[in-house]
Structure formats: structure tokens, C-alpha cells
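Down below is the structure, laid out as C-alpha cells.
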Amino acid sequence: MKRNLILTLLAILFTCCTSSNKQMVDKHTTIDSTWQKQCTTILSDKMQELDALYGDVIIMECKTGEIKAMGCLAKDSKGNLVGSNRLAQATGLMRSVSLLAALESGKINVDDHVDTKNGVIQLNNNLLRDHNWRRGGYGKITIQNGFLKSSILSTYLTIEKAFGKQYASYCNMLDKMGYGLPKSIEGMDNLKEVEMSTPNNDMAFAQLANGMHQQISSVQLLTFYNAIANGGTMVQPTLQKNETTITIKDQMTSKENITLLQRLLSLHVADGMSKKVASKKVGIAGDSGVTTEDTNMEDALYTCQFCGYYPSDAPQYSIIVTLNRKGIPASGAMPCEVAKEIIEATL
């Protein structure tokens with residue numbers, strides 16, 4: 001049962017089509033059958049509305065790591081949404097991770113300024129463009145405001161300020177913080193270790209810091225953000241009922257930096273680029289983003305994500321939503337809308 005649990009959840013139980021399926025979820029796993037059905041319905045509806053090719057959602061209890069809802073849907077060759085066991089992909093949620101790494105280096109302050117110029121900078125004979133480069137960029141901006149505006153250039157300039165050309169030091173900091181953990185979860189036979197190479201030039205460094213050149217699963221990203229919600233304590237996600245909570249890391253970074261990032265994640269929803277997830281029913285904190293490995297922006301395959309936790313002032317649950325869609329428009333607002341609807345439905 002345990003060996004096939006994840007495939008059962010993703011391909012069959014995620015749909016919650018029959019009462020027997022619901023009973024099996026309740027009996028063997030931490031999954032809440034009601035939340036599972038609500039998540040399925042909302043994800044399916046939104047994927048069709050947004051013409052997404054793939055989508056996943058996971059809700060986890062912050063303190064225990066118990067996964068309360070989890071599933072993936074993908075379009076088949078006929079355009080129908082079916083269960084999927086896909087786990088690894090690039091991420092649009094690297095900005096918070098990079099900022100925390102830079103803060104932990106002790107070499108930057110969120111009130112420091114970086115110069116994003118007109119939204120375009122040259123690195124290794126290539127151009128790194130911000131999302132608003134056509135509108136002239138953000139110019140000179142504080143690291144905090146660059147984060148709230150989801151600036152690609154601000155993220156790169158922040159880590160460059162913290163690590164210079166010591167690319168390996170940045171990667172070592174990610175390892176120290178526990179980025180990419182856990183490497184395994186009982187019941188998820190297809191969970192793999194994060195694939196990520198140390199950059200060998202400034203452009204590769206900038207791209208990695210913004211989510212490119214890596215393969216990481218949604219559950220591993222959720223584990224990292226869940227640790228932020230927990231004040232820095234990283235716990236092992238679990239699908240098994242009545243398991244003792246396993247702590248992966250007692251304190252992933254300094255408490256001071258965790259508290260600062262918590263404040264910024266709340267601001268990102270209240271005042272930043274994740275406003276679409278803001279709810280009148282509950283305070284939500286988190287980050288959203290979009291990335292692609294393709295150079296043809298018009299026809300690229302985009303990964304759009306939101307990850308966060310709620311209530312923001314006393315976190316009980318963390319959530320991640322991922323959508324893949326081809327072509328533009330593609331934005332972090334899309335998974336924000338899905339996450340908001342799911343959070344309000346499961347309150």
C-alpha cells in the first residue's frame with residue numbers, strides 16, 4: 001500500500017470520485033477527503049480557464065508536516081485532464097530563497113540599494129532583462145522594494161552583492177539552509193533529489209538565482225517555505241497517519257532573518273506582486289513567480305507558482321500551487337488566484 005500510495009493519490013484518489021476512494025484516503029493517509037475534493041475541483045476548473053497543460057497543489061500542516069491535500073493534473077493528448085505523477089520542474093519561487101541566502105551571508109541589508117538601470121543589464125555578452133524592461137525598468141531601488149516588485153535584476157544584483165563571483169558559496173548556502181530537502185518521502189517513490197549545477201559565469205548565476213537550471217519538486221519547495229512559516233524549523237512532510245513529527249533542521253537560518261523574510265512575504269501579498277492571493281477572510285503570506293527555460297518567449301513553456309502559508313500571523317497550513325502553460329500571458333497572478341480560492345474553500 002505504502003509503495004503505491006503516491007500513484008494512488010495522484011491518479012485515482014485525487015479525483016475523489018467515489019465514496020470508497022474517500023474511505024481509503026481517510027483510513028491510510030493524512031489526506032482530508034473533503035479538502036482533496038475541493039482542491040481537485042478548483043484546480044481542474046482553473047486549469048481549463050487558464051488553458052494550463054499541467055497543475056499541482058499541495059496543502060501541508062505547518063507544525064506536523066502532515067499533507068492534507070495533494071495532487072497533480074495534466075492534459076492528455078485529447079485535451080482531457082487526468083491524474084499525473086510528475087514531480088520535478090524548474091521553479092518560479094527562487095527569489096525568496098536567494099534573498100534569504102543573501103541575508104544569511106551578512107553582507108546585505110534590505111534597505112541597501114541596487115541599480116537595475118533601465119531593466120536590462122549585460123552579462124557575459126548576453127542581456128538579462130527584467131519583467132518590465134519594455135517600460136524602462138525600476139532604476140535604482142532598495143533590495144526590499146526589488147523583492148516586492150519581483151525584480152529579476154534586483155534578485156541577481158542582491159546575490160552578486162552578497163557573494164560576488166563566489167558561485168559555489170551561494171550553492172553551499174542553499175545546502176546549509178536545507179534547500180531541496182527532503183530527498184525522500186515514504187510513499188513517494190518517484191521523488192528525486194534536486195538537480196542543480198554550480199554556475200560558471202554571471203549569467204548562469206543570475207538565472208539560477210531566479211529559478212532556472214534546476215529541477216525541484218513542489219513538495220520540496222513547500223518544505224522550504226513551510227520552514228519559514230515555522231520560524232525556521234524544517235519538518236519532514238508525511239502522508240502517513242500517526243507518525244511522529246520528524247525535524248529535518250532545527251533552525252535553517254538565523255531567527256532574525258526568518259522574521260524579516262516573514263514580514264516581506266506578508267508584504268508581498270498585501271502590497272507586492274502577489275496581491276491576487278490576498279483574502280478578506282484570512283491573512284496570507286507568500287511569494288509568486290514565473291520562469292521558463294525557453295528562449296522563444298512567445299511560445300515558451302512557463303512554470304507559474306505561488307507558495308505561502310496562512311494565517312500569516314499564526315501559520316497553521318502551507319500551500320503551493322503550480323501551473324504550466326504554453327505561451328503568454330503567463331504570470332504569478334495565475335496560481336495566486338487558484339491558491340486564494342482553495343484557501344477560502346478549505347477554511
Taking θ as phi - 60°, what are the ³J(HN,Hα) couplings along segment 166-178 by the Karplus curve (6.51, -1.76, 1.60), each to the nearest whole Hz, with x for Gly and Pro? 7, 4, 5, 5, 5, 5, 5, 5, 4, 4, 4, 6, x
Show the residues, 5+ positions off or on another chain, whose built amide H is closer than 5 Å to the amide H of L123. L128
For segment 67-80, in order, what is each residue's ³J(HN,Hα) by Karplus, 6.51 cos²θ - 1.76 cosθ + 1.60 with θ = phi - 60°, in whole Hz (x at glycine and Pro)? 7, 9, 8, 7, x, 10, 10, 9, 7, 8, 5, 9, x, 8
Would you grab the residues whose amide H sits under 5 Å from the one on S217? Only those 5+ places off in sequence or on another chain, please, with H modelled 1.01 Å from N. Q89
Hey, what did the chain get for relative contact order, percent, Cα under 8 Å, at least 6 apart? 21 percent
Principal-axis tilt of helix 255-270 within the chain, Cα atoms, nearest 10 degrees: 80 degrees
Rounding to the nearest 10 and keeping the result within 0 to 90°, find how far the Cα-based axis of helix 333-346 lies from the longest principal axis of the chain. 40 degrees
Could you look at the chain and say what percent of its accessible area is carbon and sulfur, using a 1.4 Å probe and all protein chains? 46 percent
Report ³J(HN,Hα) in whole Hz for each residue of segment 86-95, in order, from the Karplus equation J = 6.51 cos²θ - 1.76 cosθ + 1.60 where θ = phi - 60°; Gly and Pro get x. 5, 10, 8, 6, 5, 10, x, 10, 7, 4
Please give the charge dipole size of segment 145-192, origin at the Cα centre, charges +1 on K and R Cβ atoms and -1 on D and E Cβ atoms. Round to the nearest 20 debye. 240 debye
Given springs between every Cα pair under 10 Å in a Gaussian network model of the chain, which of M203, M177, M60 has the largest fluctuation? M203
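For the chain, what does the equivalent ellipsoid look like in terms of its semi-axes, each the square root of 5 times an eigenvalue of the Cα gyration tensor, given largest first in whole Å? Kindly include the intermediate steps, with their values, before the conclusion.
Numbers: eigenvalues 204, 96, 68 Å².
In descending order, the three semi-axes are 32, 22, 18 Å.
In Å², what does the accessible area per residue of segment 132-199 work out to with a 1.4 Å probe? Each step should come with its number before you reach the end.
On the way: 3270 Å² over 68 residues.
Using a 1.4 Å probe on heavy atoms only, each residue of segment 132-199 averages 48 Å².
Once the piece of chain linking K326 and K78 is laid out straight, how much longer is it, given 0.36 nm per residue of separation minus the C-alpha distance between them? The partial results should precede the final answer.
Numbers: separation 248, 0.36 × 248 = 89.28 nm, distance 1.63 nm.
Length gained, K326 through K78: 87.6 nm.
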If each of S184 and D115 carries a label point 7 Å out from its Cα toward its Cβ, how far apart are those two points in nm? 5.2 nm
Work out the charge dipole of segment 81-211 with +1 on the Cβ of Lys and Arg and -1 on the Cβ of Asp and Glu about the Cα centre, then indicate which of Y156, L81, A168 is farthest towards its positive end. Y156
How far, in nm, would the chain grow between Q48 and D175 when pulled straight, counting 0.36 nm per residue and subtracting the alpha carbon separation? 42.0 nm
Under a point spin-label approximation (7 Å from Cα along Cα-to-Cβ), what is the S197-A270 distance to one decimal in nm? 4.3 nm
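Going by average Cβ density within 10 Å per residue, which order do the peptides 267-280, 233-246 take, highest to lowest?
Packing proxy ranking, top to bottom: 267-280, 233-246.
Could you tell me which of rounded, prolate or oblate describes segment 102-161, using a ≥ b ≥ c as the square roots of the eigenvalues of the alpha-carbon gyration tensor, with rounded for a/c under 1.5 and, failing that, prolate when a/b is larger than b/c and oblate otherwise?
Numbers: a/c = 2.40, a/b = 1.47, b/c = 1.64.
Taking the square roots of the gyration eigenvalues as a ≥ b ≥ c, segment 102-161 is oblate.
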Specify the inter-centroid distance of segment 277-341 and segment 31-86, based on alpha-carbon positions, in whole Å. 14 Å
Tell me which aspartates and glutamates have Cα within less than 12 Å of K275's Cα, excluding those fewer than 8 residues away on the same chain? D287, E337
Rounded to the nearest 10 degrees, the helix 19-28 long axis (Cα) sits at an angle to the longest Cα principal axis of the chain of 70 degrees
Nothing charged except the Cβ atoms of Lys and Arg (+1) and of Asp and Glu (-1): what's the magnitude of the dipole of segment 97-154 about its Cα centre? Round to the nearest 20 debye. 320 debye
What distance in nm separates the simple spin-label points at A278 and R129, each placed 7 Å from Cα in the Cβ direction? 2.9 nm
Percent relative contact order for segment 232-347, counting Cα pairs under 8 Å at least six residues apart, stands at 21 percent
In debye, nearest 20: dipole of the chain around its Cα centre with unit charges on the Cβ of K, R (+) and D, E (-)? 240 debye
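Relative contact order for segment 285-347: what percent, with Cα pairs under 8 Å and sequence separation of 6 or more? Walk me through the intermediate numbers first.
On the way: 115 pairs, mean separation 20.6, N = 63.
Normalised by residue count, the contact order of segment 285-347 is 33 percent.
The values are calculated or read from the model by the stated rules, or taken from the named source; none is laboratory data. Since the structure is predicted, the reported quantities are computational estimates derived from the model, not experimental observations. Using ideal geometry, Cβ is built from the backbone for each residue, glycine included, and neighbour counts are taken over all protein chains shown. Areas reflect the complete protein model, heavy atoms only, side chains present, ligands, DNA and RNA absent. Shrake-Rupley method; radii C 1.70, N 1.55, O 1.52, S 1.80 Å.
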